[in-house]
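Novice: To start, I am sharing the structure in question, which I have written as structure tokens.
Computed from the coordinates by the stated procedures, all read-outs in this text should not be read as laboratory data. Just so it is clear, the structure is predicted and the values come from calculations on it, not from any experiment.
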Amino acid sequence: MSFCRNWFIAWLVVGLAFSALAQQPAPTPARARKATAKPRSGYKQRVFNARAPGYTKKGQLRRLSPDQLWDAQPDSTRPNRGPFRLLVYAGLGASYYATPLNSPVALVDKQQLRWSIPLSLRVMWQTDHRMRLGIETGYVSMYSYKGTRNGELANVRVSATPILAVFSMSVVKRFALYAGTGPYRINSNLQYDGDTQGTTYSLGWMAAGTYTQPLGKNIGIAAELKWYDATQTKDACFIAQATLVWRALTW
């Protein structure tokens with residue numbers, strides 16, 4: 001009888017011990033402990049700002065390839081707008097005066113020149129939409145002619161300096177259309193029995209198409225066809241030029 005009681009007590013103790021062990025929580029795996037561990041003292045965890053232009057909405061650093069410098073169109077619905085860019089275009093090429101050239105009938109041995117080498121400078125603000133805006137100026141010699149009258153040489157040269165507000169839209173990859181309007185400063189110079197100069201202003205417009213080829217992170221080259229038209233003075237020319245494109249600023 002005593003043996004049975006001792007055996008029962010022993011099994012009861014073993015059962016209570018197993019029951020106590022079963023109620024204890026399972027040990028946390030090492031990977032889980034690492035994930036839930038608190039940062040060390042003095043360690044600052046990096047927090048990405050969704051509105052910072054240098055990062056995407058997910059906190060990833062935004063990087064643009066050379067092909068995206070001028071044609072990338074980010075999603076305008078995301079909270080962190082941008083990136084925005086400031087592009088500078090410097091162009092050099094050839095122009096052809098395309099409207100009738102009315103030189104004086106009294107000139108003898110008349111010679112006319114419709115070709116010239118124009119210069120242009122354009123600064124564009126590229127937003128995160130397709131529409132871009134900026135300003136353009138430059139210099140183009142519209143035409144010149146010379147001849148003799150009463151045995152004396154006469155030489156006339158007419159040039160223009162545009163001051164235009166320009167708008168642009170990217171149509172396909174690397175190709176954009178430009179349109180602008182504003183005043184043209186028309187300069188005339190007459191060399192006949194002295195030197196006479198005159199200046200007048202004419203409202204006008206411009207239209208252009210540009211294909212841009214990126215060369216690096218901040219530099220590209222573009223081929224451009226352009227039409228200048230000073231409406232009030234009826235002066236217009238067609239321009240073909242090579243343009244150096246510089247990505248001056250990104251924010």
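Novice: Given the Cα atoms of the stretch 191-251, and with Rh set as the inverse mean 1/r over their pairs in the Kirkwood sense, what is Rg to Rh to two decimals?
Specialist: Across the stretch 191-251, the Cα-based Rg/Rh ratio is 1.21.
Novice: OK, next. Which whole number of Å³ per residue matches the convex hull of the alpha-carbon atoms in the stretch 175-219?
Specialist: 145 Å³
Novice: List every residue whose amide H lies under 5 Å from the amide H of Gly138, counting only residues 5 or more places away in sequence or on a different chain, with H placed 1.01 Å from N in the peptide plane.
Specialist: Correct list: Leu121.
Novice: Would you compute the Debye intensity of the stretch 74-207 from its alpha-carbon atoms alone, equal scatterers and no solvent, and pass along log10 I(q)/I(0) at q = 0.10, 0.13, 0.20 Å⁻¹ to two decimals?
Specialist: So the normalised log intensities work out to -0.47, -0.68, -1.17.
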